[in-house]
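First up is the structure itself, then whatever we jot down about it.
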Amino acid sequence: GTGTKTETTAKATEKAGAESTAAETKTAESAAGGKLVMVTNAEFPPYEYHNNNEIVGIDAEIAKAIADKLGMELEIQDMAFDSLIPAVQSGKADFTAAGMTVNEDRKKNVDFTDTYAKAAQVIIVKEGSDIVNPDGLEGKKVGVQTGTTGDIYADDIKDAAVQRFNKGMDAVMALTQDKIDAVVIDREPATVFVKDNTGLKILDEAFTEEEYAIAVKKGNTELLEKMNGAIKELKDSGELQKIIDKYITAN
Amino acid sequence: MWEKLRDDFYQNFIVDDRWKYITEGLQNTLKITFFAVLIGILLGFLVAIIRSTYENTGRLKILNAICSVYLTVIRGTPVVVQLMIMYFIIFSFHDPGQIFTAILAFGINSGAYVAEIFRSGISSIERGQFEAGRSLGFNYAQTMWFIIMPQAFKNVVPTLANEFIVLLKETSVAGYIGLQDLTKGGDIIKSRTYSAFFPLISVALIYLVMVMVFSYLVTLLERRLKKSEH
Amino acid sequence: MWEKLRDDFYQNFIVDDRWKYITEGLQNTLKITFFAVLIGILLGFLVAIIRSTYENTGRLKILNAICSVYLTVIRGTPVVVQLMIMYFIIFSFHDPGQIFTAILAFGINSGAYVAEIFRSGISSIERGQFEAGRSLGFNYAQTMWFIIMPQAFKNVVPTLANEFIVLLKETSVAGYIGLQDLTKGGDIIKSRTYSAFFPLISVALIYLVMVMVFSYLVTLLERRLKKSEH
Amino acid sequence: MGNPLIQVQNLGKKFGDLEVLKDISVDIYKGDVVCVIGPSGSGKSTFLRCLNRLEEPTSGHILFEGTDIVDKNTNIDKHRQKMGMVFQQFNLFPHMTILKNLTLAPMKLQGKSSKEAEEQALKLLDKVGLKDRANSYPNQLSGGQKQRIAIVRALCMNPDVMLFDEPTSALDPEMVGEVLNVMRELAEEKMTMVVVTHEMGFAKEVATRVMFMDGGYFLEENEPVEFFEHPKNDRLKSFLSKVL
Amino acid sequence: MGNPLIQVQNLGKKFGDLEVLKDISVDIYKGDVVCVIGPSGSGKSTFLRCLNRLEEPTSGHILFEGTDIVDKNTNIDKHRQKMGMVFQQFNLFPHMTILKNLTLAPMKLQGKSSKEAEEQALKLLDKVGLKDRANSYPNQLSGGQKQRIAIVRALCMNPDVMLFDEPTSALDPEMVGEVLNVMRELAEEKMTMVVVTHEMGFAKEVATRVMFMDGGYFLEENEPVEFFEHPKNDRLKSFLSKVL
Ligand SMILES: Nc1ncnc2c1ncn2[C@@H]1O[C@H](COP(=O)(O)OP(=O)(O)OP(=O)(O)O)[C@@H](O)[C@H]1O
Ligand SMILES: Nc1ncnc2c1ncn2[C@@H]1O[C@H](COP(=O)(O)OP(=O)(O)OP(=O)(O)O)[C@@H](O)[C@H]1O
Ligand SMILES: [Mg+2]
Ligand SMILES: [Mg+2]
């Protein structure tokens, strides 16, 4: 994939690094000219969001670290969450890192790397809400972000009216404006949302628990293995945890 | 290949009753379009009357000024921005429901275009008709009511019916406020199956069929109106 | 109150250079609109010629049929669905870039409406002009080229210029394929500051100002064309 | 002769900078058939339209039955009911049957019952030979028929004066006669009429007075024989030489 | 008299079910000035337009200078260059100056240089008294001037026959004369002309033959004096009684 320079991109500053890796990637079907194209939905702090006209966040930094290890240039494109997997499938992007939970449906369509973070779907409500645990969602108006795991599981809540927003933030805003009763969304962005908006809280009991991983095109084992190697290195060196800590605690 | 198509179809529509996203979305799309058209016609008619009266007689100056602002603002901004303003700003303290919000936003938007339709309908009636009415002794309002309006209305009925088609397509951005319309219904399926082909194409086909059917009805209507023209 | 507004303004535009989301988005919006209009005019012109020729002479039957399908499909489906089909289905194996995809989708969409503009421009030229040309001995193509087209083109220039305004507003859904246009620029700010008012209103204002400026230019153009009419 | 039915005093009319009527004074008496002739663009229509204020005069006064109808406070709608007007383009109401065209104004404005209004309409329709077309729509009639209906429509209000603006110019030559015949009968019944026309034959035969308008003035006025046979004004002479 | 310039043989023309021309045969010779008169809708225009195939005849043949122009294989564009046509509505090209209107066809179709074409155009313009308007645009002219230009435009192609369809019907009465004068001069120069007209005076004075069309046939044909003074056909008699 290529992108014109006016696109919302965050380019890794590193030029193509170690010659040997660069030569290798040339042969990989996924890479064009040593560039790795990542797609994400940059409305999902702290994993990915816009800041200073760049897409930043945990995923962005991990991806950059991986790209550095592979000696490739990283380009990040922003799109709707439910478009991410189709973009990877179609080869428009090499991979997606978007706080994406591993589940069976998705596994049918893409290959996941080793997981790099634990996550949970949590419930945000207004302070003083009568919803105190996941069972309380029954029959309520529940806001989710289209295509997220929260969206998919919310389908199973009994009698709930699920409202699907293009962005998690729009769902939170609808909650603060009393348009809905609760938002089901990943824990990390939820933490940020609650911190940034007064009068919101996260219920103690999580809605579901799961793990995040990076997804590549099905069958692209070459890239998958390389990324797994890089992730392992980052984990072992503690670099990965540093990145997560930086965002989760700094925020 | 055939196998794959069948499987894709199964995944996209049958599993988990996913076709319901489409049918529910379609219902909402039709509901929004229908009521928005009603609001649009009402609003457009009022605005057209006010503006025609001002142009012909110089009366209703303040109302006319308000109408001008309304037309400029609504025609000067994209409907999706209007929809978001309605949802996130105007109804930020009270929620009348997404569907209602959408109906209101699209209705107000439509009104600005319908006003132009009515106005051109009125001004397409020859000046001589107006003069003939006045010279018989009818005043301005009587002339408009007995002579101009019935002719103007008949002229614009097909265009008004067309406005339904225009709005049908415009409401496809209703998903911006989390509302599950037809387009969003396809989006949701796409987000479940990670395949774009079936959901997008079937949504497009449904719009296409609806537009073609309504266009055909408009043609019938036009023909009937023409026949009743003596 | 005043304090709060100032702070909100600061938060929404100054902090982290957030205003840049707007200016960059605006650039993309203008770029997409401009090139889409060019494609639309080109395509619309071709389609109009083909259809007029078929109607008048019965030639170009197959091309005319293709044009009919094109017009029906494009006018029968919402532009946002077309945009997504272009992005997720048609360009699913090769990505020419979001901007290019958007330009193409909006251009193809616009072409279907521009074709109608041209066609009504051509048919607004009195039949007598065509007959005068033919009776002097010009053939069909010569008559169209020397006599009909120059008049038709002059008639539709203001409407074509208007098409720019229409598209400017339509491109506001470009965010659907992740492209950062003006509307999406405001959205991003909104997602950073959790306040809808400033980003949405300022986006609306920018559209409004652009539309008003372009409308004014179209009026100037119309006046100039009228003046050059002898 | 008594008081004039219409007294035009120093009438002036400008369209922007264009001074179409300059200083027109003329009295029209009951029973007068005034024919106005003149070159195209000389202001004939404008003059006629000022008489019932379809055009607002810029200066001067028009007294109709003693009331100054140029005065903004005059209820012009009331007075227009007494002044029938017939247009070159007929201007029948296409969305109504002939009968509805004829009865609308009497019913809505004079409060006549539909029975009364229809009786009168049918009587007048009979007189112009179109009784059988009462339930047709205007577009089903020929030009000549339309114009006769338009005359009847005006007559249904029992006007005191009839204003005609080139009533036969939009007609095929064969249909001119039938319309002129109706007007001729009206004149014989002593209807007061002001007729802008290019039909010199009609003017010669039917008019009590013929007036020549050019450049915003009435340049000559006379009874028809003298007017056509011994014109005095040079412009009238040259005009007549072209059109006769 | 030699061979006819135009031979119309059993010409028929239907619009859908409406049979407008039924079975028309007529020969037109060089120098003929044929005036066609008849009631509205009788098919006069249709007949004239068939002559240069602006309407496709449904049956019959039209031989022009020996070639059957009804034949699909005939290059009608070539033959139309030899048949000038003048329309009721002038149909000048509004986006071009008068000179451009006149020189376009000679330059593009006859390959004349712009100098040649302009010289000829100016000569003809001078003849109709409009040389000073060469650089005007059509909308700056009066109706009579426009029609004279339209005649000149056709003449610039040096046609062998001129077809006129009610060339004066759209004109103000004062302007009729100037156009008829141009046509009269053409007739004197022995131009072959077919003229559909309501101007009986012109027909009487200028025509070599007058033909009366009604119901899709030519019902009577004669030289003008006999035609107008001793009409034989009843329908012609009634027609003349109305229009004269
Ligand atoms: N509403 C108007 N605005 C501007 N100018 C006008 C208007 N109505 C008429 N005129 C001008 O006033 C002049 C007189 O027009 P008017 O129609 O009275 O002439 P007329 O004598 O009736 O001519 P005709 O025989 O062609 O009907 C013309 O130059 C005309 O262009
Ligand atoms: N293109 C057409 N389609 C259908 N009917 C037509 C068409 N052109 C003419 N006609 C009909 O053919 C008949 C003859 O028309 P034509 O114009 O030849 O009459 P005309 O003698 O020239 O009348 P006029 O004096 O009014 O010009 C009319 O009834 C007319 O309605
Ligand atoms: Mg007039
Ligand atoms: Mg004719």
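Select from the range E:35-63 the residues that are away from chain D (no Cβ under 14 Å), free of Cβ contacts under 8 Å to residues at least 60 places away in the same chain and either part of a helix (DSSP H, G or I) or within 11 Å of ligand 2 (Cβ to nearest atom) (or both) and list them in ascending order. Walk me through how you get there before you give the answer.
First, pick out the residues of the range E:35-63 that are away from chain D (no Cβ under 14 Å): E:35-36, E:43, E:46-63.
Next, only the ones that are free of Cβ contacts under 8 Å to residues at least 60 places away in the same chain stay: E:46, E:50, E:53-63.
If the condition is that a residue be away from chain D (no Cβ under 14 Å), free of Cβ contacts under 8 Å to residues at least 60 places away in the same chain and either part of a helix (DSSP H, G or I) or within 11 Å of ligand 2 (Cβ to nearest atom) (or both), then E:THR46, E:CYS50, E:LEU54, E:GLU55, E:GLU56 are the ones that fit.
Looking at D:ASP126, D:ASP132, D:ASP160, can you tell me which residue is of a type in the set (Asp, Glu) and touching a residue at least 12 places away in the same chain (Cβ under 8 Å)?
Numbers: D:ASP126 fails: touching a residue at least 12 places away in the same chain (Cβ under 8 Å); D:ASP132 fails: touching a residue at least 12 places away in the same chain (Cβ under 8 Å).
None of the other options fit; the residue is D:ASP160.
Sort through C:ALA132, C:ALA161, C:ALA112 and tell me the only one that's modelled with pLDDT of 95 or more and within 17 Å of the chain's Cα centre (by Cα).
Working: C:ALA132 fails: within 17 Å of the chain's Cα centre (by Cα); C:ALA161 fails: modelled with pLDDT of 95 or more.
The conditions single out C:ALA112.
Restricting to the range B:1-38, name every residue that is on the phi < 0 side of the Ramachandran plot and among the charged types (D, E, K, R).
B:GLU3, B:LYS4, B:ARG6, B:ASP7, B:ASP8, B:ARG18, B:LYS20, B:GLU24, B:LYS31
Listed residues E:LEU104, E:LEU124, E:LEU99; which is within 8 Å of chain C (Cβ to nearest Cβ) and either in a helix (DSSP H, G or I) or not basic (Lys, Arg) (or both)?
Working: E:LEU124 fails: within 8 Å of chain C (Cβ to nearest Cβ); E:LEU99 fails: within 8 Å of chain C (Cβ to nearest Cβ).
Criteria check complete, one pass: E:LEU104.
Those residues that are of a type outside the set (Val, Ile, Thr) and either within 16 Å of ligand 4 (Cβ to nearest atom) or in contact (Cβ under 8 Å) with a residue 12 or more places away in the chain (or both), I need them from the range E:64-76; list them, please. It would help to see each step written out before you state the result.
Going through the range E:64-76, the residues of a type outside the set (Val, Ile, Thr) turn out to be E:64-66, E:68, E:71-73, E:75.
Result: E:PHE64, E:GLU65, E:GLY66.
Name the single residue that is nearest to the other protein chains (Cβ to nearest Cβ) among those in the range A:79-96 being at pLDDT below 85 and in a helix (DSSP H, G or I).
In the first step, residues of the range A:79-96 are kept if they are at pLDDT below 85; the result is A:79-83, A:86-87, A:89-92.
Now narrow it down to the ones that are in a helix (DSSP H, G or I): A:81-83, A:86-87, A:89.
On the way: A:PHE81: 7, A:ASP82: 3, A:SER83: 7, A:PRO86: 5, A:ALA87: 8, A:GLN89: 6 Å.
Among residues in the range A:79-96 that are at pLDDT below 85 and in a helix (DSSP H, G or I), the one nearest to the other protein chains (Cβ to nearest Cβ) is A:ASP82.
When you scan the range E:159-194, how many residues do you find that are part of a loop (DSSP other than H, G, I, E, B), in contact with a strand residue (DSSP E or B) (Cβ under 9 Å, 6 or more places away or on another chain) and among the hydroxyl-bearing types (Ser, Thr, Tyr)?
Counting residues in the range E:159-194 that are part of a loop (DSSP other than H, G, I, E, B), in contact with a strand residue (DSSP E or B) (Cβ under 9 Å, 6 or more places away or on another chain) and among the hydroxyl-bearing types (Ser, Thr, Tyr) gives 0.
How many residues does the range A:214-234 contain that are among the basic types (Lys, Arg), in contact with a helix residue (DSSP H, G or I) (Cβ under 8 Å, 6 or more places away or on another chain) and open to solvent by 80 Å² or more (accessible area, probe 1.4 Å)?
Residues of the range A:214-234 among the basic types (Lys, Arg): A:217-218, A:226, A:232.
Subsequent filtering for residues that are in contact with a helix residue (DSSP H, G or I) (Cβ under 8 Å, 6 or more places away or on another chain) retains A:217-218, A:226.
Now drop any that are not open to solvent by 80 Å² or more (accessible area, probe 1.4 Å), which leaves A:218.
Result for the range A:214-234: 1.
Examine the range B:106-127 for a residue that is of a type in the set (Asp, Glu) and part of a loop (DSSP other than H, G, I, E, B), and state whether such a residue exists. Can you show your working first?
Let us first name the residues in the range B:106-127 that are of a type in the set (Asp, Glu), namely B:116, B:126.
Next cut, part of a loop (DSSP other than H, G, I, E, B) only: B:126.
For the range B:106-127, residues of a type in the set (Asp, Glu) and part of a loop (DSSP other than H, G, I, E, B): present.
How many residues does the range B:124-147 contain that are among the β-branched types (Val, Ile, Thr) and surrounded by 21 or more Cβ atoms within 10 Å (Cβ to Cβ)?
The total comes to 2.
Yes or no: A:ILE76 at pLDDT below 90 and under 30 Å from B:PHE197 (Cβ atoms)?
Numbers: at pLDDT below 90: no; under 30 Å from B:PHE197 (Cβ atoms): yes.
The answer is no for A:ILE76.
From the list B:ALA102, B:ALA65, pick out the single residue that is open to solvent by 20 Å² or more (accessible area, probe 1.4 Å) and small (Gly, Ala, Ser). Write out each step before concluding.
Details: B:ALA102 fails: open to solvent by 20 Å² or more (accessible area, probe 1.4 Å).
Of B:ALA102, B:ALA65, the one residue that is open to solvent by 20 Å² or more (accessible area, probe 1.4 Å) and small (Gly, Ala, Ser) is B:ALA65.
E:MET193 passes all but one of (1) modelled with pLDDT under 95; (2) away from every other protein chain (no Cβ under 13 Å); which number fails?
Result: E:MET193 fails condition (1) only.
A:ILE157 fails exactly one of the following numbered conditions: (1) open to solvent by 20 Å² or more (accessible area, probe 1.4 Å); (2) farther than 21 Å from B:ASP16 by Cα; (3) of a type in the set (Val, Ile, Thr); (4) not in a strand (DSSP E or B). What is the number of that condition?
In the conditions (1) open to solvent by 20 Å² or more (accessible area, probe 1.4 Å); (2) farther than 21 Å from B:ASP16 by Cα; (3) of a type in the set (Val, Ile, Thr); (4) not in a strand (DSSP E or B), A:ILE157 misses (2) alone.
Restricting to the range E:79-96, what's the tally of residues that are in a helix (DSSP H, G or I) and facing chain C (nearest Cβ under 7 Å)? Full working, then the answer.
Applying the first criterion (in a helix (DSSP H, G or I)) to the range E:79-96 yields E:79-80.
Those still in the list that are facing chain C (nearest Cβ under 7 Å) too: E:80.
Adding up the residues that qualify gives 1.
More than 16 Å from ligand 1 (Cβ to nearest atom) and within 14 Å of chain C (Cβ to nearest Cβ), is that true of E:ASN3? It would help to see each step written out before you state the result.
Details: more than 16 Å from ligand 1 (Cβ to nearest atom): yes; within 14 Å of chain C (Cβ to nearest Cβ): no.
No, not satisfied.
B:LEU179 versus (1) over 27 Å from the mean Cα position of the chain (by Cα); (2) within 14 Å of chain A (Cβ to nearest Cβ): which is the lone unmet condition?
Failed condition: (1).
Please count how many residues of the range E:141-177 are at the interface with another protein chain (Cβ under 8 Å from one of its Cβ atoms) and either of a type in the set (Ser, Thr, Tyr) or within 16 Å of ligand 3 (Cβ to nearest atom) (or both).
3
Out of the residues in the range A:197-210 that are open to solvent by less than 70 Å² (accessible area, probe 1.4 Å) and out of contact with any Asp or Glu (no Cβ under 8 Å at 6 or more places or on another chain), which is nearest to A:ASP105 (Cα to Cα)?
Among those that are open to solvent by less than 70 Å² (accessible area, probe 1.4 Å) and out of contact with any Asp or Glu (no Cβ under 8 Å at 6 or more places or on another chain), it is A:GLU210.
Select from the range C:164-175 the residues that are open to solvent by 20 Å² or more (accessible area, probe 1.4 Å) and not hydrophobic (A, V, I, L, M, F, W, C) and list them in ascending order. Steps first, answer last, please.
Step one: filter the range C:164-175 for residues open to solvent by 20 Å² or more (accessible area, probe 1.4 Å), giving C:164, C:166, C:169-170.
Within the range C:164-175, C:LYS169, C:GLU170 qualify.
Considering only the range D:131-158, how many residues are of a type in the set (Val, Ile, Thr) and in contact with a strand residue (DSSP E or B) (Cβ under 8 Å, 6 or more places away or on another chain)? Before you say what the answer is, go through the steps one by one.
Keep residues of the range D:131-158 that are of a type in the set (Val, Ile, Thr), which gives D:149, D:151-152.
Then drop every residue that is not in contact with a strand residue (DSSP E or B) (Cβ under 8 Å, 6 or more places away or on another chain), which leaves D:151.
Qualifying residue count for the region: 1.
Hey, among the residues in the range E:6-30 that are within 26 Å of E:MET183 (Cα to Cα) and open to solvent by 20 Å² or more (accessible area, probe 1.4 Å), which one's nearest to ligand 4 (Cβ to nearest atom)?
E:SER25
With C:ILE39, C:ILE49 as the choices, which residue is in contact with a Gly (Cβ under 9 Å, 6 or more places away or on another chain) and either under 24 Å from C:ALA204 (Cβ atoms) or crowded, with 18+ Cβ neighbours inside 10 Å (or both)? I'd like the intermediate steps shown before the answer.
Numbers: C:ILE49 fails: in contact with a Gly (Cβ under 9 Å, 6 or more places away or on another chain).
Being in contact with a Gly (Cβ under 9 Å, 6 or more places away or on another chain) and either under 24 Å from C:ALA204 (Cβ atoms) or crowded, with 18+ Cβ neighbours inside 10 Å (or both) holds for just one of C:ILE39, C:ILE49, which is C:ILE39.
What are the pairs, 6+ residues apart or on separate chains, where a residue within the range D:187-215 that is under 21 Å from D:SER25 (Cβ atoms) has its Cβ under 6 Å from a residue that is within 16 Å of ligand 4 (Cβ to nearest atom)?
Listed pairs, sorted by first residue: none to list.
Where in the range C:1-89 are there helices (runs of 4 or more DSSP H), lying fully within it, with 3 or more residues that are within 22 Å of C:ALA161 (Cα to Cα)?
Values: elements: C:2-9, C:19-57, C:61-76, C:79-84.
Hits in the range C:1-89: C:19-57, C:61-76.
Scan the range D:54-80 for residues that are within 21 Å of D:LYS112 (Cα to Cα) and open to solvent by less than 20 Å² (accessible area, probe 1.4 Å) and jot them down. It would help to see each step written out before you state the result.
Taking the range D:54-80 first, the residues within 21 Å of D:LYS112 (Cα to Cα) are D:75-80.
Result: D:ILE76, D:ARG80.
Is it true that some residue in the range C:185-197 is crowded, with 24+ Cβ neighbours inside 10 Å, more than 14 Å from chain A (Cβ to nearest Cβ) and either within 18 Å of the chain's Cα centre (by Cα) or over 30 Å from C:ALA48 (Cα atoms) (or both)?
There is no residue in the range C:185-197 that is crowded, with 24+ Cβ neighbours inside 10 Å, more than 14 Å from chain A (Cβ to nearest Cβ) and either within 18 Å of the chain's Cα centre (by Cα) or over 30 Å from C:ALA48 (Cα atoms) (or both).
Could you figure out which of (1) within 7 Å of another protein chain (Cβ to nearest Cβ); (2) closer than 25 Å to D:LYS100 by Cβ isn't true of B:VAL157?
B:VAL157 satisfies all of (1) within 7 Å of another protein chain (Cβ to nearest Cβ); (2) closer than 25 Å to D:LYS100 by Cβ except (1).
The values are calculated or read from the model by the stated rules, or taken from the named source; none is laboratory data. Because the structure is predicted, anything quoted here is derived from the model rather than measured. So basically every Cβ, Gly included, is an ideal-geometry build from the backbone, and we count neighbours across all protein chains shown. For the accessible areas, the whole protein counts, side chains as well, though only heavy atoms, and no ligand, DNA or RNA atoms are used. Shrake-Rupley method; radii C 1.70, N 1.55, O 1.52, S 1.80 Å.
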